[in-house]
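Note sheet for the following structure.
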Amino acid sequence: MNELIRSTAAELAAKIASREVSAVEVAQAHLDRIGEVDGAVHAFLHVDTEGALRAARAVDDDVAAGRAVGPLAGVPLALKDVLTARGMPTTCGSKLLEGWQPPYDATVTRRLREAGIVILGKTNMDEFAMGSSTENSAFGPTRNPWDLDRIPGGSGGGSSASLAAFEAPLAIGTDTGGSIRQPGAVTGTVGVKPTYGGVSRYGLVAFSSSLDQAGPCARTVLDAALLHEVIAGHDPLDSTSIDAPVPPVVAAAREGATGDLTGVRVGVVTQFSGDGYQPGVLRSFEAAVAQLKQLGAEIVEVSCPSFDYALPAYYLIAPSEASSNLARFDSMRYGIRVGDDGTRSAEEVMSLTREAGFGAEVKRRIMIGTYALSSGYYDAYYGSAQKVRTLITRDFERAFGEVDVLVSPTTPTTAFRIGERTDDPIAMYKADLCTIPANLAGTPAMSVPSGLSDEDGLPVGLQVMAPALQEHRMYRVAAAYEAARGQVIADVPALAGAR
Amino acid sequence: MTRVDELMDYAEVVERFDPVLGLEVHVELHTNTKMFCGCANVFGGEPNSNVCPTCLGLPGALPVVNGKAVESAIRIGLALNCSIAEWCRFARKNYFYPDMPKNFQTSQYDEPIAFDGWLDVTLDDGSVVRVAIERAHMEEDTGKSLHVGGATGRIHGAEHSLLDYNRAGVPLIEIVTKPITGAGERAPEVARAYVTALRDLLKALDVSDVRMDQGSLRCDANVSLMPKGATEFGTRTETKNVNSLRSVERAVRFEMTRQAAVLADGGTITQETRHFDESTGGTSPGRTKETAEDYRYFPEPDLVPVAPSRDWVEQLRGTLPELPWERRKRVQQDWDLTDAELRDLVNAGAVDLVTATVDAGATPAEARSWWVAYLTKEANARGVELAELAVTPAQIARVVALVNAGELTNKLAREVVTGVLAGEGGPDAVIEARGLKVVSDDSALEKAVDEALAAQPDVAAKIRDGKVAAAGAIVGAVMKATKGQADAKKVRDLIIARCS
């Protein structure tokens with residue numbers, strides 16, 4: 001396998017900056033890899049060969065001219081297809097938006113471009129980020145590089161799978177209920193959901209506005225931190241963007257890598273165990289906790305009783321907001337249009353378009369959300385869910401009064417088989433059991449690989465959670481753990497197509 | 001369309017029923033930019049030229065609140081004697097319509113920026129009615145649909161529709177009254193007077209163009225009737241498309257007579273939106289609200305709450321201008337006007353113009369005579385507002401000064417103003433170009449007088465005999481000879497002097 005595609009982003013950036021290798025060569029190596037394996041993995045919905053090579057050439061020109069470049073300049077990246085980027089389609093995994101070319105860049109996209117990061121293309125996802133397996137994409141599922149019969153997680157399965165398949169060293173995901181962390185866990189990669197408001201949502205096609213948060217995906221904690229600092233920071237175009245300095249996550253990742261966690265108090269959330277948890281996942285988690293203790297951390301058990309209500313609260317809030325956010329897809333200004341034969345009213349055309357354009361899961365959530373917001377039901381559903389949200393936030397606050405970070409398994413199970421849960425929405429929803437509380441509270445959380453389950457040999461993730469704007473705490477712990485445990489991703493089996 | 005025989009005589013209506021009004025006024029703010037994006041907020045313009053990802057509702061785009069619009073909303077609230085919320089949020093009002101880009105309107109629901117106020121409204125006879133204000137809240141306007149091919153220009157029967165999103169996202173303030181009861185037969189007048197007072201107030205605040213004809217001020221009139229003496233309100237209708245002050249009055253009056261006829265006939269009023277027809281003065285049903293629309297309001301998660309500090313609110317209170325009715329009171333005293341004179345001045349919309357003309361040196365009487373008597377006719381003839389005429393108060397003051405100095409006659413002065421209105425330049429430029437100066441050169445005038453006397457010796461003899469009235473014929477001849485540029489009084493004096 002080409003050495004370039006196995007390199008970390010930090011290594012690639014250093015080599016490009018020192019002209020040991022050109023950004024064009026690096027981009028081409030990854031484009032070649034995509035050509036080789038993406039037929040089997042299907043991580044990408046769109047590959048922008050020309051745009052990627054053009055961006056790489058610009059970095060090479062800058063380096064050759066001696067101009068200062070950013071710490072990730074020339075490094076390729078896979079962008080989740082829920083963020084707008086000029087020159088490429090944005091579909092959100094939906095037939096409804098097929099062919100739509102946004103006329104503007106998301107703030108995240110703009111920052112990536114300004115940092116000289118080379119966008120390879122757009123990655124597959126569950127339609128409008130609704131799902132935990134990427135099976136809800138209108139353009140076919142993405143497959144887990146560890147086992148092509150298994151799901152790569154979701155909704156951002158394409159982004160994480162592209163990392164695990166060595167198609168890209170960096171990716172951007174979005175996390176509404178776990179869509180960065182759960183795919184990270186089941187593909188053996190790192191995924192970070194920043195503090196709500198830490199990364200601009202401008203240009204992120206909304207699923208649930210009060211929960212959505214874009215974040216970095218990578219194969220190492222340091223790479224994630226480097227990408228985090230590129231995309232984070234205040235944006236006047238997003239009213240919910242926080243006007244505060246970006247937490248020093250790169251410094252924290254470097255500090256953590258020295259392997260010392262003396263004095264760090266780590267809380268184990270007691271609610272995340274028991275029924276529904278795969279024994280191999282729990283054993284991996286226990287080993288991870290033991291490792292943290294060995295690194296000097298103090299381990300404390302913490303109870304967060306309201307977390308038990310996180311899943312039902314999430315499945316009222318997220319669909320409610322989604323039912324309103326997705327109303328704009330009416331065929332009047334963009335996207336496909338169905339039934340406009342001159343005999344039908346605008347209302348009928350809207351209705352036919354939405355019927356044909358949305359998949360089953362999206363329709364299910366629009367219906368749940370519409371119902372939950374209806375007059376007479378609002379207080380019982382949306383109103384109660386918001387109260388639960390407040391209780392969960394308080395549980396976090398209490399816990400962080402005692403400990404520096406909280407840890408848990410990222411997912412209750414390893415990657416399940418494609419098709420296994422498609423007829424059972426509740427089983428599917430449970431994949432996000434451990435990740436949802438951080439979305440409801442707006443606090444940061446990340447998943448770092450914690451080895452392979454001893455039952456099925458599939459990756460398991462360790463979730464590290466921190467208080468709002470304290471991302472550096474979790475990066476430090478994750479980096480220390482990663483350094484001690486060793487890279488899990490090195491174990492990824494070669495893909496059939498690339499062997 | 002309701003036929004005339006389905007209406008009840010108005011006198012009978014007010015004898016048998018008590019009307020209840022509720023007025024909802026939408027005001028477009030004239031901020032530089034839209035409510036939630038940086039697009040220009042201008043009326044007209046090429047369709048879809050003032051649009052961006054946010055006001056087009058493109059996927060991923062987000063709103064940011066226009067601080068200037070919040071400031072205007074607070075000033076309006078303060079001028080309406082409202083309480084200003086210490087903390088309030090926007091909400092989404094969800095419904096599908098092609099000219100609404102997101103298929104939800106970002107509005108305010110149960111947390112308006114201003115609430116519980118009042119506005120004192122002066123009726124035609126000078127009596128004052130206090131109208132209670134329920135709330136004033138912020139929201140965004142929709143785009144505009146142009147329905148092509150139908151007979152009515154409405155969506156029913158149209159062949160196709162064109163959408164213009166230039167207006168989408170323009171800041172709106174919706175001002176809602178509490179139910180107005182007890183107005184009786186004067187209900188239509190109260191409705192008109194309320195909208196008039198509100199318009200004047202908003203104009204004084206300089207927050208909106210308040211042009212009903214352009215839709216920057218729109219009134220929806222809710223009307224219901226209850227049997228005389230009852231306390232429980234009847235079913236109401238909401239009449240839209242009421243595009244002038246006069247229409248407000250007509251629409252309310254029409255609905256009263258229509259509803260009364262239905263009720264007297266044992267029928268029931270359907271709760272519905274009705275459409276006012278300017279040409280017939282009637283209303284016709286629009287959307288029925290039998291299946292009450294459920295807007296599924298919820299707090300807008302893309303925006304943070306608005307929490308105006310008390311300091312800011314007080315600071316804005318300090319920016320409130322003299323309110324129109326206070327100003328009128330002061331003007332009436334200062335200029336010593338009768339009630340009728342004040343009413344004419346106000347009805348002509350000339351208070352500002354006359355004040356400015358006085359400030360530029362004219363007396364109130366001179367200024368009023370120009371604006372209220374003469375220029376109002378000119379404005380009406382052109383079909384424009386008085387303030388839109390192409391003449392400034394300073395120019396009128398200049399013309400007045402020239403008349404007082406004897407350099408222009410009243411007749412010439414009007415000709416000068418006509419030239420100014422025609423775009424020929426300022427008064428002095430018009431005088432110069434048209435050669436309109438009064439002929440005050442005595443020798444030239446004396447010569448013209450002598451010639452006229454010589455031409456009509458009979459008349460000259462009569463004048464010499466003391467029949468001064470005969471001088472008129474000579475004056476006419478002189479004026480004709482000088483092309484009207486002589487001061488007639490002076491000519492007359494000269495003739496008499498020559499003949500004595």
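For this structure, a couple of remarks:
- In the stretch B:81-117, the qualifying residues are those that are among the hydroxyl-bearing types (Ser, Thr, Tyr) and part of a loop (DSSP other than H, G, I, E, B), and the one that is farthest from B:GLU134 (Cα to Cα) is B:TYR97.
- Selection within the stretch A:364-409 - within 14 Å of chain B (Cβ to nearest Cβ) and either in a strand (DSSP E or B) or of a type in the set (Phe, Trp, Tyr) (or both): A:TYR371, A:TYR377, A:TYR378, A:TYR381, A:TYR382
- Single residue of the stretch A:212-236 satisfying the filter (within 14 Å of chain B (Cβ to nearest Cβ) and crowded, with 20+ Cβ neighbours inside 10 Å) that is farthest from A:ILE436 (Cα to Cα): A:ASP235
- For the stretch A:187-204, the criterion of a residue being within 14 Å of chain B (Cβ to nearest Cβ) and surrounded by fewer than 24 Cβ atoms within 10 Å (Cβ to Cβ) is satisfied by at least one position.
- Filter pass, B:VAL399 being without any contact (Cβ under 8 Å) to a residue 40 or more places away in the chain and not acidic (Asp, Glu): yes
- Some residue of the stretch B:212-220 being closer than 17 Å to B:ASP18 by Cβ, at pLDDT 95 or above, aliphatic (A, V, I, L, M) and outside any loop (DSSP other than H, G, I, E, B): no
- Every residue from the stretch B:256-315 that is within 14 Å of chain A (Cβ to nearest Cβ) and at positive phi: B:ARG296
- Residue that is nearest to B:VAL25 (Cα to Cα), among those in the stretch B:97-118 that are touching a residue at least 60 places away in the same chain (Cβ under 8 Å) and surrounded by 22 or more Cβ atoms within 10 Å (Cβ to Cβ): B:ILE113
- Unmet criterion (only one of (1) within 14 Å of another protein chain (Cβ to nearest Cβ); (2) on the phi < 0 side of the Ramachandran plot) for A:GLN294: (1)
- No other residue among B:ALA379, B:ALA422, B:ALA429 is of a type outside the set (S, T, N, Q) and either modelled with pLDDT under 90 or in contact with an Asp or Glu (Cβ under 7 Å, 6 or more places away or on another chain) (or both) apart from B:ALA379.
- Residue within the stretch B:458-478 that is in contact (Cβ under 8 Å) with a residue 40 or more places away in the chain and either crowded, with 20+ Cβ neighbours inside 10 Å or under 25 Å from B:LEU412 (Cβ atoms) (or both) present: no
- Every pair of residues 6+ apart whose Cβ atoms lie under 7 Å, when the first sits in the stretch A:36-60 and is in a loop (DSSP other than H, G, I, E, B) while the second is among the acidic types (Asp, Glu): A:ALA43/A:GLU167
- Test: B:GLN333 is more than 30 Å from B:SER83 (Cα to Cα) and not small (Gly, Ala, Ser): yes
- Within the stretch A:136-154, none of the residues are crowded, with 24+ Cβ neighbours inside 10 Å, within 30 Å of A:VAL69 (Cβ to Cβ) and more than 14 Å from every other protein chain (Cβ to nearest Cβ).
- Counting only residues that are within 12 Å of B:ASP124 (Cβ to Cβ) and among the hydrophobic types (A, V, I, L, M, F, W, C), the stretch B:343-359 holds 1 of them.
- Selected residue (criterion: farthest from the other protein chains (Cβ to nearest Cβ)) from residues of the stretch A:354-363 that are assigned to a helix (DSSP H, G or I) and in contact with a helix residue (DSSP H, G or I) (Cβ under 7 Å, 6 or more places away or on another chain): A:GLU361
- When B:ASN48 is tested against the conditions (1) within 11 Å of chain A (Cβ to nearest Cβ); (2) within 15 Å of B:PRO171 (Cβ to Cβ); (3) touching a strand residue (DSSP E or B) at 6+ places or on another chain (Cβ under 7 Å), the lone failure is (2).
- Positions within the stretch A:85-106 being of a type in the set (S, T, N, Q), touching a residue at least 40 places away in the same chain (Cβ under 8 Å) and out of contact with any strand residue (DSSP E or B) (no Cβ under 8 Å at 6 or more places or on another chain), in sequence order: A:SER94
- The residue list A:SER303, A:SER209, A:SER273 contains one member that is surrounded by fewer than 24 Cβ atoms within 10 Å (Cβ to Cβ) and within 14 Å of chain B (Cβ to nearest Cβ), which is A:SER209.
- Filter pass, B:ALA373 being without any contact (Cβ under 8 Å) to a residue 12 or more places away in the chain and either of a type in the set (Gly, Ala, Ser) or in a loop (DSSP other than H, G, I, E, B) (or both): yes
- B:THR181 meets all of the listed conditions (1) modelled with pLDDT under 95; (2) surrounded by fewer than 18 Cβ atoms within 10 Å (Cβ to Cβ) but one, namely (1).
- Helices (runs of 4 or more DSSP H) completely within the stretch A:107-187 that count 2 or more residues being within 21 Å of A:ALA322 (Cβ to Cβ): A:157-164, A:181-187
- Qualifying residue in the stretch B:239-249 (condition: surrounded by 16 or more Cβ atoms within 10 Å (Cβ to Cβ), among the aliphatic types (A, V, I, L, M) and assigned to a helix (DSSP H, G or I)): yes
- Qualifying residue in the stretch B:258-276 (condition: of a type in the set (Asp, Glu), touching a residue at least 24 places away in the same chain (Cβ under 8 Å), surrounded by 14 or more Cβ atoms within 10 Å (Cβ to Cβ) and closer than 19 Å to B:VAL195 by Cα): no
- Residues of the stretch B:413-438 that turn out to be over 14 Å from B:GLY484 (Cβ atoms), among the small types (Gly, Ala, Ser) and part of a helix (DSSP H, G or I), as a count: 3
- Screening the stretch A:329-345 for residues that are facing another protein chain (nearest Cβ under 10 Å) and within 22 Å of B:PRO53 (Cα to Cα) and picking the one that is surrounded by the fewest Cβ atoms within 10 Å (Cβ to Cβ) gives A:ARG333.
The values are calculated or read from the model by the stated rules, or taken from the named source; none is laboratory data. Computed from a predicted structure; not experimentally measured. Please note: Cβ atoms are built from the backbone with ideal geometry, for glycine as well, and neighbour counts cover all protein chains shown.
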